[in-house]
Every structure is written in structure tokens, then in C-alpha cells.
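Below is one structure; the comments refer to it alone.
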Amino acid sequence: MSRIFRAVIMGPPGSGKGTISERIARTFGLQHLSSGDFLRENIAARTEAGQLAKTYIKKGLLVPDHVMTRLLLPRLEEIARHSWLLDGFPRTLAQAQVLNGACDLDVVISLNVPFETLKDRLRHRWIHPPSGRVYNLIFNPPRVKGVDDITGEPLIQHEDDKPAALVARLRHYKDVAKPVIDLYKSKGILHTFSDTDTDQIWPHISSMLRVKIPAPPTPSAQSTPAH
Ligand code: G5P
Ligand code: MG
């Protein structure tokens, strides 16, 4: 890749941000940073921020802006020399404004998936916590039920995919995301993709990124160390 490329992917819970981010990272060599995965890592490591975040996530609420920005911005600085894709951050206008002050974004991808589709998907989601790999018992099942394909370790369901927290998350998303979407629209960097299936959306995102990222690395180029 000839220059640093910075992208954000937004969308309601279960809209496929994680699934599409994995494909983007693999195809275009961007570093994928998921705010949800990062929070769960902090919870597992019992950091102070993680302990605080857990109380919100369990109820399906957003983690306060100052906690999120304090966690995420140092991580972005660490990967500042790489091209990256931020998944799940910013969620609020306050977070978007802080990010604005830290860097210029090239592209914002917004996923628009119907509410009923989202509810159905999340009920069937299982994850492998150490790697963040996401499975769906219908769309993308593990080879062996209940275990990760790569490590053979057990899969779990998120606390906030349980019914009460799930509906609260979905309802809240729209209200909070609207001003963020409007901000990126006004900057001319918003690309919205609407469908019920990730496999239908993916070719459109891939074509858009091929135009925006001039020289995507080939898989062999990705594994070659820089000199
Ligand atoms: P997260 O972890 O960022 P959410 O709520 O934004 O969580 P989530 O749940 O991770 O979003 P996703 O990444 O958009 O969803 O979707 P996914 O995981 O790829 O796909 C969902 C499921 O559907 C999977 O099982 C997948 O296999 C399947 N699937 C994908 N495509 C298809 C398809 O086409 N068809 C079918 N049938 N299935 C499909 O955040 C968690 C919590 O952390 C806090 C909040 O409390 C949040 O609730 N948080 C923040 N708080 C404040 N500010 C922030 N910036 C925060 N970021 C996180
Ligand atoms: Mg996710």
C-alpha cells in the first residue's frame, strides 16, 4: 500500500461489521481494530477500564465516551504507521469529534441491515474469545459444534447477545449513530451499503475499496518483511 489508509466501519449490532472487517483486513492488508473485541480483552485481563466497561456491556449500554477514547486513542497511536480499519468506534458524536482531532479518515462504511435480520443473527452467534473469531450456527458454523476451527478451544456466547440486552442495544444504536452518520456524510466520506446478507454487500464494499486503495498488497507481498 503506497500510503496510510484509514477507514471506519459503522453499523448496528449484528450488522456484520466484524465479519466484513475480517474480509477487508485479509483482502486489503489493513489492521483491524474492533472496539468490542478490545473491550472484551480488557475485561478478560481485568484492567480498571475493563472492569468499568463490563458493567455497561452486560446491560447492553454504551461504555462512556471518556473511557472509550482513553482506551482507543493510545492503541491508534501504536498502529499509526499502518493502514487501519476501526470497527465499532466511533459510536457517538463525541467520539467522532475526538477521532477527528486525532486523524483524517479516508472512508467511512455504514452498514444498513433490517432490525429483524439483526435479532435473528445475534441469537445464533458464537465467538472464540482469545482470537475474536466470530461464528454463526446458520451462516458460518464451526466445523465441530461448540469449538474453534483453528485452536479447538471452546466457543462462547456474548453476555450482551442475551435477549434483554440485545433489544436495548439495537434500539439505542439508531439514535446515537444518526449525528455521526450525518457528520461523515457532510465530509463526503460516507459509503452506505443496504442489504440483508453480508455476501451481497461484500462485493460492493470490495469494489469501492479497490478504487480508494490504489495498490492493495498481494498475499505474498503481505508476508514479506519491509526493508
Ligand atoms: P461490539 O462488539 O462492537 P456490536 O454490538 O456493535 O458489538 P457486534 O455484535 O459485534 O456489534 P457486528 O460486528 O456488526 O456485531 O456483526 P458480526 O459479529 O460480524 O455478525 C453478527 C453475527 O451475524 C455473526 O454470528 C455472523 O457470523 C453473522 N452474520 C454476518 N453476516 C451474516 C449474514 O449475511 N447472514 C447471516 N445469517 N448471518 C450473518 O460492542 C459490544 C459492546 O461494547 C460496547 C457497547 O456496550 C457494545 O454493546 N462498545 C462501545 N461502547 C461505547 N462506545 C464504543 N465505541 C463502543 N464499542 C463497543
Ligand atoms: Mg463486532
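Observations on the structure shown:
- Residues of segment 57-93 that turn out to be free of Cβ contacts under 8 Å to residues at least 60 places away in the same chain and within 11 Å of ligand 1 (Cβ to nearest atom), as a count: 9
- Selection count where residues are open to solvent by 20 Å² or more (accessible area, probe 1.4 Å) and either over 20 Å from the mean Cα position of the chain (by Cα) or of a type in the set (Gly, Ala, Ser) (or both), scope segment 150-170: 8
- The residue of segment 1-32 that is nearest to Thr198 (Cα to Cα), among those that are hydrophobic (A, V, I, L, M, F, W, C) and within 11 Å of ligand 1 (Cβ to nearest atom), is Ile20.
- Per-region count, segment 130-149, residues among the hydroxyl-bearing types (Ser, Thr, Tyr) and open to solvent by less than 30 Å² (accessible area, probe 1.4 Å): 1
- Scope segment 81-98; condition in a loop (DSSP other than H, G, I, E, B), open to solvent by 30 Å² or more (accessible area, probe 1.4 Å) and within 15 Å of Lys187 (Cβ to Cβ); matching residues: none
- Ala7 touching a Phe, Trp or Tyr at 6+ places or on another chain (Cβ under 8 Å), of a type outside the set (Val, Ile, Thr), open to solvent by less than 10 Å² (accessible area, probe 1.4 Å) and away from ligand 2 (no atom under 11 Å from the Cβ): yes
- Filtered residues of segment 13-27 (kept if surrounded by fewer than 21 Cβ atoms within 10 Å (Cβ to Cβ) and either at positive phi or touching a Leu at 6+ places or on another chain (Cβ under 7 Å) (or both)): Ala25
- Segment 99-117, residues that are more than 8 Å from ligand 1 (Cβ to nearest atom), in a helix (DSSP H, G or I) and open to solvent by 20 Å² or more (accessible area, probe 1.4 Å): Asn100, Gly101, Ala102, Phe115, Glu116
- Members of segment 118-154 found to be more than 10 Å from ligand 1 (Cβ to nearest atom) and touching an Asp or Glu at 6+ places or on another chain (Cβ under 6 Å), listed by number: His128, Pro142, Arg143
Conditions tested, residue by residue: (1) within 14 Å of ligand 2 (Cβ to nearest atom); (2) within 18 Å of Arg6 (Cβ to Cβ); (3) in contact with a helix residue (DSSP H, G or I) (Cβ under 6 Å, 6 or more places away or on another chain).
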| residue | (1), (2), (3) |
| --- | --- |
| Ala80 | no, yes, no |
| Ser83 | no, yes, no |
| Gly88 | yes, yes, yes |
| Thr92 | no, no, yes |
| Gly152 | no, no, no |
| Ala168 | no, no, no |
| Lys178 | no, no, no |
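- Filter result for Leu39 (closer than 20 Å to Ala53 by Cα, open to solvent by 10 Å² or more (accessible area, probe 1.4 Å) and at pLDDT 95 or above): no
- Annotation note: Cβ proximity below 6 Å between a residue of segment 97-113 that is closer than 20 Å to Arg23 by Cβ and a residue that is of a type in the set (Lys, Arg) and open to solvent by 10 Å² or more (accessible area, probe 1.4 Å) (sequence gap 6+ or interchain) occurs for Leu105/Arg6; Asp106/Arg6; Val107/Lys212.
- Matching residues in segment 57-80 - criterion: being more than 17 Å from Ser34 (Cβ to Cβ) and either open to solvent by less than 40 Å² (accessible area, probe 1.4 Å) or hydroxyl-bearing (Ser, Thr, Tyr) (or both): Gly60, Pro64
- Residue pairs meeting the criteria (Cβ under 8 Å; at least 6 apart or on separate chains; first closer than 12 Å to Phe139 by Cβ, in segment 195-207; second open to solvent by less than 50 Å² (accessible area, probe 1.4 Å) and of a type outside the set (Gly, Ala, Ser)): Thr196/Val113; Thr196/Thr117; Thr198/Thr19; Thr198/Ile20
The values are calculated or read from the model by the stated rules, or taken from the named source; none is laboratory data. Please read all numbers here as calculations on a predicted model, not as lab measurements. FYI the Cβ positions are ideal-geometry reconstructions off the backbone, even for glycines, and counts take in every protein chain you see. In case anyone asks, the SASA skips ligands and DNA or RNA and just uses the protein heavy atoms, side chains included. Shrake-Rupley method; radii C 1.70, N 1.55, O 1.52, S 1.80 Å.
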